[in-house]
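Heads up: the structure comes next, in structure tokens.
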Amino acid sequence: MATVTDFHQRPTKPNALTAARITPVGRGAVASVRVIGESNGLNVLVSRLFFPRNGRRIEHQEIGRIVFGTWGRVDGEHIVAVRLDKDRIEFHCHGGDAAVSRLLSDLDQSGIQIVDAFQQWSSTTSTIDMECLEATSRATTLRTADILLEQSSGILQSAFDELTTTAKSLVGNADKIESESPSLTALIQKIEALLQWAEFGIHLTEPWNVVLTGRPNVGKSSLLNRLLGYDRAIVFDKPGTTRDIVTGETAFDGWPVRLADTAGLRSASHSLEAAGIEKAVERIQSADLCLLLIDVSQPPTSEDRSLVQRWPESLVIAHKCDCDERWDDELPTGVIKVSSKTGEGIADLQKELVRRLVPNVPFPGTPIPISRRQVDFLRHARDAASMGNVGRLL
Ligand code: GDP
């Protein structure tokens, strides 16, 4: 069982000097190499390789300032360096392979250990910041990457540290913690505040799942294509064409969404179709949102009616609204009128999808748990704390 201390552990500073290429391999505009390690050794070594134009020694360069200079005394490569703090320096050079290879080879020959960027981070970064950085590398949109990057700057780590401090002081101050103790209530509130963003945090790396459903031929494949912006599913006039689940990923307003087109939901005429329908039902039950399509160019059928009744939480789409509408008074309230043929209503649908999937967006600076491990721990911590078992968390 994880304890809050697992999340509190900070790595010890490594003595070994390491260098890592922190930009992707391959040509780019700029390539970056970060060198870290104990400051004295770092400064001595870097001074032999990097010659700042302003003539000052590396340890006398201001932290955070961009310093122009050359790499090597003879035939020096023009580069810039930035001291991130006393133990870390970043070098930015031409993005071609030659420049970065020269930097790494010189560093290697000087006895610096060359490692990959994650290896280097893990030696100086807390587990939580590492988890956030790793998640950032898997983010599929700029919006989610921004949030994850912000979390990796210590915001989430501080929130977990605060839990540790509160839990420790509670355990230290009493043999038995009363369930009405204000500090215990405060601890539970802090955990709840983090858990409030659990689902949102997980979705920063796992797309929200939206399922399209409705009886065969209502236009699910057509709407999926419209929303994805390309032809993916097979569109065919014959009912039951889409037997398996076809998925595609996109983003609405910067939020990653996986769309799944299910088998037409009707009484299957053979087993292959029945298997597809079963999968569809499972998919709807586990989805974050279900779009239930009705074809308003046709009068309502008993299948339409029973689907609307069966999935009351779904967002009903009055599809094929480019045609004469045949549902009259039976059209459910709150439907969104959409035509995949003309594009009418698509923008409204996208807005409504975002409103339903991401009703609240945290303010910048809000700590957000971003992995299942963190969320599981917080849930467990809340349950234990609710029973006064704070000691079990440490
Ligand atoms: P699915 O079985 O629910 O996936 O339905 P399809 O996407 O295969 O579409 C069934 C039929 O409806 C095809 O002939 C489409 O061209 C047609 N269709 C789909 N969307 C629209 C629409 O918005 N307007 C009109 N008029 N026809 C559509």
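Some observations on this one:
- Which listed residue is without any contact (Cβ under 8 Å) to a residue 12 or more places away in the chain and in the same structural domain as residue 214 (by TED's automatic domain parsing), from 322, 288, 348, 329: 329
- Comparison of 328, 322 shows that the only residue that is more than 14 Å from residue 215 (Cβ to Cβ) and within 12 Å of the ligand (Cβ to nearest atom) is 322.
Results for (1) surrounded by fewer than 17 Cβ atoms within 10 Å (Cβ to Cβ); (2) in a helix (DSSP H, G or I); (3) touching a helix residue (DSSP H, G or I) at 6+ places or on another chain (Cβ under 8 Å), shown as yes or no for each residue.
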residue: 298; (1), (2), (3): yes, no, no
residue: 308; (1), (2), (3): no, yes, no
residue: 324; (1), (2), (3): yes, no, no
residue: 333; (1), (2), (3): yes, no, no
residue: 375; (1), (2), (3): no, yes, yes
residue: 378; (1), (2), (3): no, yes, yes
residue: 385; (1), (2), (3): no, yes, yes
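- Residues satisfying the stated conditions in the stretch 333-357, i.e. within 16 Å of the ligand (Cβ to nearest atom) and of a type in the set (Ser, Thr, Tyr): 339, 340, 342
- Residue among 258, 243 that alone is more than 16 Å from the ligand (Cβ to nearest atom) and either modelled with pLDDT under 90 or surrounded by fewer than 20 Cβ atoms within 10 Å (Cβ to Cβ) (or both): 258
- Residue in the stretch 293-308 that is under 34 Å from the mean Cα position of the chain (by Cα), more than 16 Å from the ligand (Cβ to nearest atom) and modelled with pLDDT under 95 present: no
- Hey, residue 155 in a helix (DSSP H, G or I), within 30 Å of residue 262 (Cβ to Cβ) and outside the structural domain of residue 317 (by TED's automatic domain parsing) or not: no
The values are calculated or read from the model by the stated rules, or taken from the named source; none is laboratory data. Please read all numbers here as calculations on a predicted model, not as lab measurements. With ideal geometry, Cβ positions are generated from the backbone for all residues, glycine too; neighbour counts draw on all protein chains shown.
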